[in-house]
Amino acid sequence: MNKYSTNSQLNLDSAHDFLQIIFKEVLQIKDHSVIEGYRNETRQNELFFAKKSQVEFPNSNHNVLPARAVDVIPYPYDESDFEGMALFAGVVLGVAHAHKIPIRWGGDWNRDYQVKGEKFRDMAHFELAEEVL
């Protein structure tokens, strides 16, 4: 049985209950790490200026408590494995759908199931959709 590391659990604990429900179930299907939940101003702006986020603090779903976004990577992780990340995202989206929790994945921002047209890909990013908030 897969289990979160202390860091992953702390990151997930900073997230909205709906995200916790989703990722605790996903953990039983596919091992992964929650690399970020809540982000403070310093961390958010660091990612923005490094062009790893499209928004400055406080405009990210990571910038509220509980966080409405998490960054999650599956194991084994290979940053260049687009297909592996897409497969993992499918598992996450499927679990979320089963729980009737609308989420958005950073590989398909407009939720049209077309990943090729995205200009900015944040493959590890999952956030609650607006209709949840």
message = Apply the Karplus curve 6.51 cos²θ - 1.76 cosθ + 1.60, θ = phi - 60°, to the phi angles in region 40-45 and return the couplings in whole Hz, x for Gly and Pro.
response = 7, 4, 4, 5, 4, 5
key: Reported label for calculated Rg and Dmax of the Cα atoms in Å given (1) 14.4, 41; (2) 13.7, 39; (3) 14.8, 46   = (2)
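Once neighbouring chains are kept in place and the probe is 1.4 Å, which whole percent of the accessible area of the chain is contributed by carbon and sulfur? Spell out each step's value before the answer.
Working: 4020 of 7700 Å².
Answer for the chain: carbon and sulfur cover 52 percent of the accessible area.
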remark   = Under the Karplus relation with 6.51, -1.76 and 1.60 and θ = phi - 60°, whole-Hz ³J(HN,Hα) for region 96-107, x at Gly and Pro, equal 4, 4, 4, 8, 6, 10, x, 10, 10, 9, x, x
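Let me check I've understood the local charge: for PRO102, count other residues with C-beta under 9 angstrom from its C-beta, Lys and Arg +1, Asp and Glu -1. What total comes out?
+1
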ask   = HIS32's amide H: which non-local residues (gap 5+, or another chain) put their own amide H closer than 5 Å, with H modeled 1.01 Å from N in plane and none for Pro or chain starts?
value = TYR75
task = For region 49-122, state which chymotrypsin sites (Phe, Trp or Tyr not before Pro) are in a DSSP loop and have at most 12 other beta carbons lying within 10 Å of their beta carbon.
result = TYR113, PHE120
message = Tell me the net charge near ASN45. Cut-off is 15 Å between Cβ atoms, ASN45 excluded, with +1 for each Lys or Arg and -1 for each Asp or Glu.
response = 0
Those lysines that a straight Cα-Cα span of less than 17 Å connects to LYS52, excepting residues fewer than 8 apart in one chain = LYS119
ask   = So who's got an amide H within less than 5 Å of the one on ILE103, skipping anything under 5 residues away but keeping other chains? H placed 1.01 Å off N, in plane.
value = ALA129
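How much length is gained if the chain between LYS119 and SER80 is pulled fully straight, taking 0.36 nm per residue apart and subtracting their Cα-Cα distance, in nm to one decimal? Before the final figure, lay out the partial values.
Numbers: separation 39, 0.36 × 39 = 14.04 nm, distance 1.64 nm.
Full-extension gain reported as 12.4 nm.
The values are calculated or read from the model by the stated rules, or taken from the named source; none is laboratory data. Not measured: the values here are computed from a predicted model. Glycine also receives a Cβ, built like all others from the backbone with ideal geometry; neighbour counts cover every protein chain displayed. For accessibility, only protein heavy atoms count, side chains too; no ligands or nucleic acids. Shrake-Rupley method; radii C 1.70, N 1.55, O 1.52, S 1.80 Å.
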